[in-house]
Amino acid sequence: MDIDAVTIFPDYFAPLQLSLIGKAQENGILDIAIHDLREFTDDNHHSVDDTPYGGGAGMVMKAEVWGEALDPLMTPNSDLIILTPAGRIFDQRMAEELANSSHLIFACGRYEGIDARVGEYYSQESFAEQGIKVREVSIGNYVLGGGEVAALVMIEAITRLLPGVIGNPDSLVEESHVEDGFLEYPNYTKPQTWRGMAVPEILLSGNHAAIAKWRSHIAATRAGG
Ligand code: 6GU
């Protein structure tokens, strides 16, 4: 999978060199490129934002700069993800859908967001014909300073679903029920008693059917709690 992210703060993406995502890049499963939006400005001040038409607080990110940054990235079958608190809420189902894409482009807005014409422009028929899809996405009902952290959240949730990224793919199968409203069961390891607290007896029974039943009961009871 190819991932591009466009941002005015490329350093936000440093953690992508760590852990499983860092490994996946070394292994060639993932190719992540971070682009500095300011490199696509054409004025001396490298300005990326301007005052909103119609008035109001804050600044809006300029369509021209975003167009220059995104044009070279918009290859056939790309998914353009515009990060905004007004977008559709990201969940496990969307992660699974996006994990099937060959190319994700994350547009990280700051300030009061990106000029609305950018999303409209790349949603046009001529792009759709090339398999290019545009989505506005939010990671939850709260406001962040910008889309960078949201892009990191999405990249982590999506890329761990790719074949070869996670060491033990069995963990993906077990957690695939998250979408159905099931949360995970509690886990324990040695010692059997810690600070006077014992591990639930059933987990020591060796009765795999009974353990599975106990776990799904607990998970179902906790769900939505
Ligand atoms: Cl994608 N952006 C910002 N600025 N705030 C958010 C968000 C995105 N998702 C939740 N809050």
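The values are calculated or read from the model by the stated rules, or taken from the named source; none is laboratory data. Computed from a predicted structure; not experimentally measured. FYI the Cβ positions are ideal-geometry reconstructions off the backbone, even for glycines, and counts take in every protein chain you see. Side chains included, ligands, DNA and RNA excluded: accessible areas come from the protein's heavy atoms. Shrake-Rupley method; radii C 1.70, N 1.55, O 1.52, S 1.80 Å.
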Seminar exercise, completed: Checked against (1) within 15 Å of the ligand (Cβ to nearest atom); (2) open to solvent by 80 Å² or more (accessible area, probe 1.4 Å), residue 42 satisfies every condition except (1)
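Restricting attention to the range 97-115, which residues are of a type in the set (Asp, Glu) and open to solvent by less than 70 Å² (accessible area, probe 1.4 Å)? Before the answer, list the steps.
If we filter the range 97-115 for residues that are of a type in the set (Asp, Glu), which is where we start, we get 97, 112, 115.
Answer for the range 97-115, where residues must be of a type in the set (Asp, Glu) and open to solvent by less than 70 Å² (accessible area, probe 1.4 Å): just 115.
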Problem set entry | Close pairs from the range 72-96: first more than 25 Å from residue 129 (Cα to Cα) and of a type in the set (A, V, I, L, M), partner within 15 Å of the ligand (Cβ to nearest atom) and open to solvent by 30 Å² or more (accessible area, probe 1.4 Å), Cβ under 7 Å, at least 6 apart | 86/136
Exercise. Under the condition of being within 11 Å of the ligand (Cβ to nearest atom) and of a type in the set (Val, Ile, Thr), which residue from the range 116-158 is least open to solvent (accessible area, probe 1.4 Å)?
Worked result: 137
Exercise. Of the residues that sit in the range 84-95 and are touching a helix residue (DSSP H, G or I) at 6+ places or on another chain (Cβ under 8 Å) and under 20 Å from residue 163 (Cα atoms), which one is nearest to the ligand (Cβ to nearest atom)?
Worked result: 91
For this session: Please give the number of the condition residue 61 fails out of (1) exposed (fewer than 15 other Cβ atoms within 10 Å of the Cβ); (2) more than 22 Å from residue 163 (Cβ to Cβ); (3) within 14 Å of the ligand (Cβ to nearest atom).
Result: (1)
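For the range 76-96, enumerate the residues that are open to solvent by 60 Å² or more (accessible area, probe 1.4 Å) and in a loop (DSSP other than H, G, I, E, B).
If the condition is that a residue be open to solvent by 60 Å² or more (accessible area, probe 1.4 Å) and in a loop (DSSP other than H, G, I, E, B), then 76, 77, 91 are the ones that fit.
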